[in-house]
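Where a number appears in this text, it was derived from the coordinates with a stated rule and is not lab data. Being a predicted model, the structure only gives us computed values, none of them experimental. Because the Cβ atoms are built from the backbone with ideal geometry, glycine has one as well, and the counts that use them run over all protein chains shown.
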Amino acid sequence: MTLILSSFHYFETFDFTTLKLSTYLITFVKKNMHPKHPSESLTILTDLVLPSETNPLNNLFGGELLARMDRAASISARRHSRRIAVTASVNHVAFNRAIPLGSVVTVEAKVSRSFKSSMEIYIDVWVEDRETGIRSKANEAIYTFVAVDDTGRPVEVAPIIPETELEKERFDAALRRKQLSLVLAGKMKPNEATELKALFT
């Protein structure tokens, strides 16, 4: 399917491989909102682990890592929305391995999917080997941010067009996570969560 989008005097042709993505975008096209790619919100923060940031085992405090991830996610959300962005929730955090004192830690964050005013930010944490320089995955997390105006009221944000296979996987999974969150909060009936139901049919 080919759809021609026009917004802010900008024209581009996109080929959509699935009806889901095109349906998602049409809603925003009607509002004259220019779609963006996840790479446009990519934020990379690199820093050392200092003695004041470690626990008695000389590993990075979990709370310190959460703060670093929150800062990276905040910048990513702001780059996508070009608005003030506030943390709405921390949906998932996986501390897969300890990060020792003196490690070089890189936090990478980018928007995996946007909804009306909220954005899901997927965060990958990497640790660099001191001798070889080889990076290995240490942790990951998923944050949700909401774009607001100067009075704190939510504002709509641009849609996302995933490009890489990983971005597409995370884009699709974001809707399932959103529906699960709404069902658990009592804001959506289980039989309305079509993406969740599809996993079991």
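What to note about this one:
- FRET efficiency for the pair E156 and E131, taken as 1/(1 + (r/R0)^6) with r the Cβ-Cβ distance and R0 = 45 Å, rounds to 0.40.
- Listed pairs K110/K168; K168/K189; K116/K187 exceeding 19 Å between Cα atoms: K168/K189
- Length gained when the stretch T164-S39 is fully extended (0.36 nm per residue, less Cα-Cα span): 44.0 nm
- Filtered trypsin sites (Lys or Arg not before Pro), the range 75-110: DSSP coil and at most 15 other beta carbons within 10 Å: R82, R97
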